[in-house]
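I have placed the structure first, in the form of structure tokens, so that the comments after it can refer back to it.
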Amino acid sequence: MSVRLFNTYSRHLEDFRPLDPAGRQVKMYTCGPTVYNHAHIGNFRAYVFEDLLQRHLEARGFVVERVMNLTDVDDKTIRGARAAGRRLADFTQVYKDAFFHDLETLRIKPANHFPAATEPRYVERMIAMIGQLEAQGIAYQAEDRSVYFRLAKFPDYGKLAHLNLDELRPSGRVNSDEYEKENIGDFALWKAWDEADGDVRWESPWGPGRPGWHIECSAMATALLGPELDIHCGGVDNIFPHHEAEIAQSECCTGRKFVRHWLHCAHLMVEGQKMSKSAGNFYTLRDLLEKGFTGREIRYALLTVNYRLPLNFTFAGLEGARAALGRIDVWVRRISDCRSQIADAGVFTGGEMSVSLGRHKNFFQALDDDLNIAGALGQLFDLIRESNSALDHGQFGPEQASELLKLWESINRVLAFEPEAAAVPAAVLALVEKRQQARADKDWQASDRLRDEIAALGWIVKDTKDGPKLSPAAA
RNA sequence: GGCGGAGUAGCCAAGUGGGAAGGCCGAGGUCUGCAAAACCUCUACGAGUGGGUUCGACUCCCACCUCCGCCUCCA
């Protein structure tokens, strides 16, 4: 079975086929952050979804080359830099660094390229593309000295969003004083400099200014991945007008179909409410880390709902994520321990790995179906229950455990849920030793006191039939 | 007004024209010095509401209600 993905353009599930004749190389572009503040969990939902997509494609044998852009010049970054009294590049660098740190916390695989809009080679390319559009009569400079895309020249505009532009009703945002444009829908390719921009300016054939937002993605995507992309992702709010504009610019410049598969993830709600600063439910990653949640717990919470459905992000959900991960942790540790044991012929009576192999296969088949993560996790938890039961009944030996761990590793390469292997301090190990002696002596008071001492050092000790097990107190 | 998405247990959530996955929480039990874990069992006679098609509808169709998104630079 092949990977099937919902394509925003066709509004249908489609078999995924990359352009590469060998069917292996995948060119993937993902819209990245505008670095004017810390990214919020809504942003990260999109990045976690894109990470799952990449990892699953890799599990299916594809080689993914991914680009994620950084928008480091626009109205918001310029405004922020001015308010902070800093140079634009210094201002955005803070948020770029924070962004990369956050990606690591959430175990998101780094893209192969993180191009920034202000890099000279990309600004040059944007100017070149605008020049090309102007030569074709598609771009024009208006009286305000900005350069616009002439929508009348691109009839396909609106097809991605399935909007009929003739029926568009003016919303409150449109009636700005942009009367210089030929058509209300024409979007900026080059924004002429004005005083509010300060020293943020590049020279161009149309005078000083800066690139429009949309051209940035077209320039960087085609520079790094070529004229045709296999996959382009973003949040649903990027569909219109950003991605429409990207299609228009790119296809007019290259004469080729820009993107084969468009994927967009739905928005996130917080505690059933729209996330907004005024509602007080606006969270960045660091807000949640300060509340004691870990990156992988947040990753789990962001990942467990299919990307096309709205996700209700709640603290109860985070607690649930913590508990579910704890269940996985215990299971992984259990089969790891089982593997490292010498087979006990008296207990081990033969395994039934066919069940587990079936679950493993089903896990990946669920993801093939437009990243059905809930279905896939259902298979994983069935696998956990079945193998736990087999362990309890002695129908499981080191060889089976070894096989099962390999299956888990391939699953974890997609989920990235495995706990960090925290090194146990020698002091804790020494206390555990002493406690074992106390238990052997049936000195329960000493045993309980030692358990408290171990807890005070941040570790929880549990007595299983295979001996004491340690785990960090805070997941 | 146009276009699109969604309503399944206390919470999250999946598949399916014919027995309603899975996770969290909860209850009982086995095990255990205790605790925890693990394991076993139980928890929606019903799927927003009302119709219709069908031998049979949570699934298909229609209407209505509610929520969410987009409608010119918010993931």
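The values are calculated or read from the model by the stated rules, or taken from the named source; none is laboratory data. All of these numbers come straight from a predicted model, not from anything done at the bench. Counting neighbours? That spans all protein chains shown, and the Cβs are built from the backbone with ideal geometry, glycine included.
Below, the figures for the structure above:
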| item | result |
| --- | --- |
| Those residues of the stretch A:19-34 which are closer than 30 Å to residue A:318 by Cβ, hydrophobic (A, V, I, L, M, F, W, C) and part of a strand (DSSP E or B), in sequence order | A:28 |
| Options A:354, A:410, A:389; residue that is at pLDDT 90 or above and surrounded by fewer than 14 Cβ atoms within 10 Å (Cβ to Cβ) | A:410 |
| Scope the stretch A:10-35; condition surrounded by 21 or more Cβ atoms within 10 Å (Cβ to Cβ) and within 13 Å of RNA strand B (Cβ to nearest atom); matching residues | A:29, A:30, A:31, A:32, A:33, A:34, A:35 |
| Candidate set from the stretch A:60-71 (those that are in contact with a helix residue (DSSP H, G or I) (Cβ under 8 Å, 6 or more places away or on another chain) and outside any strand (DSSP E or B)); member that is farthest from residue A:209 (Cα to Cα) | A:60 |
| Contacts under 6 angstrom Cβ, first residue in the stretch A:316-340 being farther than 16 Å from residue A:405 by Cα, partner small (Gly, Ala, Ser) and at pLDDT 90 or above, 6 or more apart | A:317/A:301; A:318/A:301; A:321/A:301 |
| Residues located in the stretch A:97-155, provided they are of a type outside the set (Asp, Glu), in contact with a His (Cβ under 9 Å, 6 or more places away or on another chain) and not in a strand (DSSP E or B) | A:98, A:99 |
| The stretch A:369-401: number of residues that are aromatic (Phe, Trp, Tyr) and assigned to a helix (DSSP H, G or I) | 1 |
| Subset of the stretch A:294-318 that is within 14 Å of RNA strand B (Cβ to nearest atom) and assigned to a loop (DSSP other than H, G, I, E, B) - its residue that is nearest to residue A:33 (Cα to Cα) | A:307 |
| Near pairs, Cβ below 8 angstrom, 6+ apart or cross-chain, from the stretch A:128-141 (not assigned by TED's automatic domain parsing to the domain that holds residue A:219) to any residue that is of a type in the set (S, T, N, Q) and at pLDDT below 95 | none |
| Candidate set: the stretch A:369-394, residues that are among the charged types (D, E, K, R) and out of contact with any helix residue (DSSP H, G or I) (no Cβ under 8 Å at 6 or more places or on another chain); chosen: the one farthest from RNA strand B (Cβ to nearest atom) | A:370 |
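Residue-wise test of (1) away from RNA strand B (no atom under 14 Å from the Cβ); (2) at pLDDT below 90; (3) not hydroxyl-bearing (Ser, Thr, Tyr).
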position	(1), (2), (3)
A:117	no, no, yes
A:126	no, no, yes
A:139	yes, no, yes
A:142	no, no, yes
A:146	no, no, no
A:160	no, no, yes
A:164	no, yes, yes
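Yes/no per residue for (1) under 14 Å from residue A:9 (Cα atoms); (2) surrounded by fewer than 24 Cβ atoms within 10 Å (Cβ to Cβ); (3) at pLDDT 95 or above:
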{"residue": "A:212", "(1), (2), (3)": "no, yes, no"}
{"residue": "A:220", "(1), (2), (3)": "no, no, yes"}
{"residue": "A:225", "(1), (2), (3)": "no, yes, yes"}
{"residue": "A:230", "(1), (2), (3)": "yes, yes, yes"}
{"residue": "A:236", "(1), (2), (3)": "yes, yes, no"}
{"residue": "A:241", "(1), (2), (3)": "yes, yes, no"}
{"residue": "A:244", "(1), (2), (3)": "yes, no, no"}
{"residue": "A:264", "(1), (2), (3)": "yes, yes, no"}
{"residue": "A:268", "(1), (2), (3)": "no, yes, no"}
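Conditions tested, residue by residue: (1) over 30 Å from residue A:210 (Cα atoms); (2) assigned to a helix (DSSP H, G or I); (3) not assigned by TED's automatic domain parsing to the domain that holds residue A:107; (4) not polar (S, T, N, Q).
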{"residue": "A:5", "(1), (2), (3), (4)": "yes, no, yes, yes"}
{"residue": "A:17", "(1), (2), (3), (4)": "yes, no, no, yes"}
{"residue": "A:36", "(1), (2), (3), (4)": "no, no, no, yes"}
{"residue": "A:44", "(1), (2), (3), (4)": "no, yes, no, yes"}
{"residue": "A:58", "(1), (2), (3), (4)": "yes, yes, no, yes"}
{"residue": "A:73", "(1), (2), (3), (4)": "no, no, no, yes"}
